[in-house]
Structures are given as C-alpha cells and as structure tokens.
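The values are calculated or read from the model by the stated rules, or taken from the named source; none is laboratory data. Everything numeric in this text was worked out from a predicted model, so none of it was measured. Note that we place each Cβ from the backbone using ideal geometry, even for glycine, and neighbour counts take in every protein chain shown. Side chains are part of the model used for accessible areas, which takes the heavy atoms of the whole protein and leaves out ligands, DNA and RNA. Shrake-Rupley method; radii C 1.70, N 1.55, O 1.52, S 1.80 Å.
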Amino acid sequence: MTVLDTVLRRSPSLDDVLDADTPAVSVRGLTKRFGSGPIVLDEVSLEVRQGEFVCLLGASGCGKSTLLNVVAGLDAPTAGEVAVPGHRPSLMFQEPALFPWLTAAQNVEMALRLRGVRKAERKEEAQRLLALVRLEGSGGKRPHELSGGMRQRVALARALAQDSKVLLMDEPFAALDAITRDVLHDELTRISREVGATVVFVTHNVREAVRLGDRVVLLSSRPGRVVREFAVDIPQPRRIESPEVAALSVEITDHLRAEIRKHAVPTR
Amino acid sequence: MSASTLEDRRGAELEAGLDALELGPVEATQPAWRRTLSSVLPPALALLGILALWQVVEVTRDPDNLPGPGEVWAAMTYEWGQGRTQEAILTSLERGVLGFLVSLVIATPIGLVLARVQVLRRAFRPLISGLQSLPSVAWVPAAILWFGLNDATLYFVILMGAIPSIVNGTISGLDQVPPLFQRVGHVLGARGLTLARLVLLPAALPGYLGGLKQGWAFSWRSLMAAELIATSGDLGLGLGQQLDQARTLGDLPGVLAGILAILAVGIAVELLVFAPLEKRVLRRRGLTVSR
C-alpha cells in the first residue's frame, strides 16, 4: 500500500474539513528509485493550491510520469511524503485507454460505478459529463468509432466521473494533431474552471505548458529535481500563438536547454 | 455575459466541426445479398472444383479403390434415408458438446489461477503446453484399461484433448491485456476480484474465445479418434463407430461418406457457433474491418 492510500484511509472525510489554505497536492522531499536502479526523482517538493493549474515541464528522463504515478498512488515513494487530502486523484494518460468493449457512455459509467454511484443515477450523470466535454451525441459510440480527440475527451469525462477535485494528466494531448490539440487546450481551460479542478499537467511542450498553466515547474533530468518555477500571469483564455505566451516560452526554453546541455558528453 | 455565451457557442461549433471532419463521411455499405454472395461464392466454387477433379480422375484413370462422387453421394443418401447418419451425428455431438462444456468449466479457473500466480504458472505451463501437443488419442488405451469400454473413456479422452487448449487460451488471453487497462482500473478504484470481473476478464475475451475455439476442435478430433478405437455394443453408435463399421465391411463409399459427415459437423459448428461469436466480439471492439 502506498502512502497515499494510508492518508486516504486515515482521513476518509477530509473533504468536509478541508479549508481553502490546505494544498490540494503536497509533495515533500519525494525520492524515487526502482529497485537498485538510478535515482529517478531526487528530493522533489511541490505544493499545488486548490483550483490551481500546474504544468510540470522537463526533457526526457526527468521523472515527470513517475512523479504523477506516485501522486496517483500507482507507485510507492522510496522516501518522502505525498498527500492528496480527501481525494483519490484521477489520472489521464497519453493514450485515452478507453475500454474497447464498452461504449463511450459505458466507459464513463464504469468510473461512476466504481465510485459507488447508484445504478439509477449513472446514466444521467454520464450524459451530463459527456455534454460537458461536448460529446452528448456520441455516448452510444464505441471507442474505435471515435476520433483521437473525441476519445481523449471521453477519457476526460471518465476522469471527471471520479469526482476527484484533483486531475493528474500525463501528456494527454501529445499524440494528437496540432489543430485538435489546440481545441482541446481551450476545452481543458474551460472545463477545469467550470468544475473547479486542481490540475497537475505533465508535458515536454513549453508552449503548451505556458498556454495552460497558472504556474510552470521546470524539472531537471536524471535525476529529476525542481529547478525553477515560473508564474504565468497572462489572463485566460490564452492563445498558444499570442506574443505573451511566446515571450515566456522563450525564457523557459532557455532554462530548459541549459539543463539539457549539462548532460552533454564531451567529445574529443 | 453575452460575449462569453457567444464565445462558448463558437467553441462548441469549432469542436463539432472538427469532430465531423475527423470522422469523415459515412461509408456506403454493400447490400446484404452482395455480402452473402461474396462470402459464399468462393468456397462453393472451390468445392465444385474439387468435385470436378475427383470425377475426372475417377473417369479417366478408373482406379480400383476410388469410388466416384456419385457412389459416395449414394452411400450418404442411403445412410441418411435409414436415419443412421442423423442418429450418429446426434450421439457424437452430444458427447462432444458435453465433454467440451465440462472441459470449459474445469479449464477456465485453472487458466485464471495460472495466469495470475507466477509460481504456479512456471510450475505447470510447460506441462500444459506439452499436453496440448500430445495427441489425446494416446490416452485411449489407458482410458480403456481404467474405465472399460464405455462413455467414461470417451469423455476422459475429450477432456485430455480440450482442457490444455482452453487453459492456454485463457492464459494468453489474459497476457494480452494491455497493462495500461490494469492501471486505469486501479486509478478508477478497482482492486482484486472487481478488477478481474470488470476489466481483466472482458479485456481477455478475444484470446479466451480463440482458446475455446481450439478447445472445441480438440474435443471433436479427440472424440472421433476415441470412437474409432473404442467400439463395443455397449457404446451408442457415434460417427467414429459408424466409420469403423464401414471399414470392417470393406465399404469404401461408406468410409468416405463417414469422413465427410465428420468434416461437415466440424465446419457447421465453426460456421454456426464460433465464427459469429468471434465476429461479434471483434467487431464491437473495432478489431476487424466489416466484411
């Protein structure tokens, strides 16, 4: 059992006592290595306010996905503490990972069922969530009948069906074409504000991070450490091609490249 | 306020337009009779070709021990007219289906346990795979000595043929479940038996069905082998026993008619039971092009 599970079990109704100052996600001194392998995450500390949208940014090998998996409770930390008070966070992957034997609506209903929603209410609630991601007419379709962007929106509806206020996203738009990704950025901004979700969004795309995040956290690679944080004071909804987004992206990219250069092997 | 509603509507329109473009136009489907024709015609022509070749060999070379299609057809219709073929088919099918269902009930839990418990899998998987390649007819002598010449012998041979196939099918079905599904199940809060029931088993269904199909094939051929060897007055007359009777009478058209009857049952079960089942499961998951 992971630390997260312990936290959840000890305080099942933390939701009621959760005041506005309690961080939605709190990571303290998290170190992670798999077996006797190299250290993946080294003393990472991170606090995410309720309702905040934080983007974790880094090159390959920075342990972004590992960090999300630990926060989600799929992996146990080697050292340090992770707390997501009152919530079992929902997690979205790069692939939609919809169950192919179920329709879009049934995929959402599965999350409701596992959350303990009564059967009579599931259908209606699934319809409401599909409408939220603007798929009200596609509930009866099977995943293979949907486009990549539509599938990822069903996955988002399924994640929201967990009724967790904390949404972890692991490069969810990386496999989509640029136009679809752009539209989904708008959607995610709209929906996360509408439901008041706290989002931790992992990406290696600097502009995407600046387009979406209230804050961008830059991680170093091998091992992953928090290098620097950037507040994004550009009003939403932003455009990914706006000059403000571009200016901050240039600054962050310079820092990211500096990190990557440190890994260069000197050539003769 | 009205500005944000307009913004919202424009967003919804953008999304709807994108969805429509991504999904593309709805393809026109072929009429049903054309689809049926295109799936029935090729095998029918192949069959006709084989019959024609057979007839040509029979007429031109006139071998002593090869009856022509006409003779075999006559033997078939005679046996059918006597009602003996139907009776034999029913007897054999009853044994085959019952043996297959018992195998299914025994093999499925074994497969589930072996797939999930690594130690047991390492211990038993080689044995199961070995049993799968052992022709189950090899069990007939032992079964006769253990159980005598009765139905128990036949069922034992069926079980030894079908169980390893179904166990292996169950294991490989579960092995093919993408690890991501299990992680999604975990994130959604499914653990243990709930995870198995709601995620792992449905995900493993295509591989499991493949195992069942193979299990049936093994049931049927094991039964036929056993019926050919285990013949006695105490045993009801199955297709295998009928075939052996024709052999002892030196009735070559009868022998060939018997083989064709066994083949026909195998094809019928595949076409009427497993093919539609498999097609349905695969098509719902988008794993076949509709054809």
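Could you tell me whether segment A:253-265 includes any residue that is of a type in the set (A, V, I, L, M, F, W, C) and open to solvent by less than 10 Å² (accessible area, probe 1.4 Å)?
no
Suppose we filter segment A:57-105 for residues that are assigned to a loop (DSSP other than H, G, I, E, B) and of a type in the set (D, E, K, R); how many remain?
Residues that pass the stated criteria total 3.
What helices (runs of 4 or more DSSP H) lie completely within segment B:1-102 and have 3 or more residues being under 30 Å from A:P237 (Cβ atoms) and within 14 Å of chain A (Cβ to nearest Cβ)?
Correct list: B:2-23.
Answer yes if at least one residue in segment B:141-150 is surrounded by 16 or more Cβ atoms within 10 Å (Cβ to Cβ), away from every other protein chain (no Cβ under 14 Å), touching a residue at least 24 places away in the same chain (Cβ under 8 Å) and not in a helix (DSSP H, G or I), and no otherwise.
yes
Return a yes/no flag: does segment A:58-65 have any residue that is closer than 25 Å to A:S192 by Cα and modelled with pLDDT of 90 or more.
no
Determine whether B:L120 is open to solvent by 10 Å² or more (accessible area, probe 1.4 Å), in a helix (DSSP H, G or I), within 14 Å of chain A (Cβ to nearest Cβ) and at pLDDT 90 or above.
no
Could you list all residues from segment B:151-193 that are touching a strand residue (DSSP E or B) at 6+ places or on another chain (Cβ under 6 Å) and not in a helix (DSSP H, G or I)?
Residues satisfying the conditions do not exist here.
Of the residues A:A178, A:A157, A:A161, only one is open to solvent by 10 Å² or more (accessible area, probe 1.4 Å), within 14 Å of chain B (Cβ to nearest Cβ) and over 23 Å from A:L67 (Cβ atoms); which?
From the options A:A178, A:A157, A:A161, the qualifying one is A:A178.
Find all pairs meeting these conditions: Cβ atoms under 6 angstrom apart; at least six residues apart or on different chains; first residue within segment A:210-231 and crowded, with 18+ Cβ neighbours inside 10 Å and part of a strand (DSSP E or B); second residue of a type in the set (G, A, S) and at pLDDT below 90.
Going by the 6 Å Cβ cut-off, the qualifying pairs are A:L219/A:G58; A:G224/A:G63.
Anything in segment A:144-154 that is more than 9 Å from chain B (Cβ to nearest Cβ) and open to solvent by less than 10 Å² (accessible area, probe 1.4 Å)? List them, or say none.
Within segment A:144-154, A:Q152, A:V154 qualify.
Given the structure, is B:V199 crowded, with 19+ Cβ neighbours inside 10 Å and of a type in the set (V, I, T)?
Yes; evaluated as a whole, the condition is true for this residue.
From the list B:G211, B:G207, which residue is out of contact with any Pro (no Cβ under 6 Å at 6 or more places or on another chain), buried (at least 17 other Cβ atoms within 10 Å of the Cβ), within 14 Å of chain A (Cβ to nearest Cβ) and assigned to a helix (DSSP H, G or I)?
It is B:G207.
Return a yes/no flag: does segment B:241-252 have any residue that is within 22 Å of B:V102 (Cα to Cα) and either in contact (Cβ under 8 Å) with a residue 24 or more places away in the chain or more than 18 Å from the chain's Cα centre (by Cα) (or both).
no
Residues checked against (1) more than 30 Å from A:D186 (Cα to Cα); (2) in contact with a helix residue (DSSP H, G or I) (Cβ under 8 Å, 6 or more places away or on another chain); (3) loosely packed, with under 11 Cβ neighbours inside 10 Å:
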| position | (1), (2), (3) |
| --- | --- |
| B:E7 | no, no, no |
| B:G24 | no, no, yes |
| B:T29 | yes, no, yes |
| B:A32 | yes, no, yes |
| B:T36 | yes, no, no |
| B:L45 | yes, no, yes |
| B:L48 | yes, no, yes |
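Kindly indicate the residue of segment B:250-284 that is farther than 30 Å from B:Y208 by Cα and among the aliphatic types (A, V, I, L, M) and also surrounded by the fewest Cβ atoms within 10 Å (Cβ to Cβ) among those meeting that condition.
Per the criteria, the residue is B:L252.
Condition check ((1) open to solvent by 40 Å² or more (accessible area, probe 1.4 Å); (2) facing chain B (nearest Cβ under 9 Å); (3) of a type in the set (V, I, T); (4) touching a helix residue (DSSP H, G or I) at 6+ places or on another chain (Cβ under 9 Å)) across all residues:
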| position | (1), (2), (3), (4) |
| --- | --- |
| A:G80 | no, no, no, yes |
| A:A83 | no, no, no, yes |
| A:G86 | no, no, no, yes |
| A:L98 | no, yes, no, yes |
| A:A104 | no, no, no, yes |
| A:R113 | yes, yes, no, yes |
| A:V117 | no, no, yes, yes |
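Scan segment B:178-197 and report the pairs whose first residue is within 7 Å of chain A (Cβ to nearest Cβ) and whose second residue is in a helix (DSSP H, G or I) and open to solvent by 30 Å² or more (accessible area, probe 1.4 Å), with Cβ atoms within less than 6 Å and a gap of 6+ or a chain change.
Between residues of segment B:178-197 that are within 7 Å of chain A (Cβ to nearest Cβ) and residues that are in a helix (DSSP H, G or I) and open to solvent by 30 Å² or more (accessible area, probe 1.4 Å), the close pairs are B:L188/A:L114; B:G189/A:L114; B:A190/A:L114.
Does A:P23 meet the test of being on the phi < 0 side of the Ramachandran plot and exposed (fewer than 14 other Cβ atoms within 10 Å of the Cβ)?
No; evaluated as a whole, the condition is false for this residue.
Within segment A:53-60, identify whether any single residue is at negative phi, within 14 Å of another protein chain (Cβ to nearest Cβ) and open to solvent by 10 Å² or more (accessible area, probe 1.4 Å), and answer yes or no.
No, there is no match, as no residue in segment A:53-60 is at negative phi, within 14 Å of another protein chain (Cβ to nearest Cβ) and open to solvent by 10 Å² or more (accessible area, probe 1.4 Å).
Select, from A:V133, A:V70, A:V44, the only residue that is open to solvent by less than 10 Å² (accessible area, probe 1.4 Å) and more than 14 Å from chain B (Cβ to nearest Cβ).
Selected residue: A:V44, the only one of A:V133, A:V70, A:V44 that is open to solvent by less than 10 Å² (accessible area, probe 1.4 Å) and more than 14 Å from chain B (Cβ to nearest Cβ).
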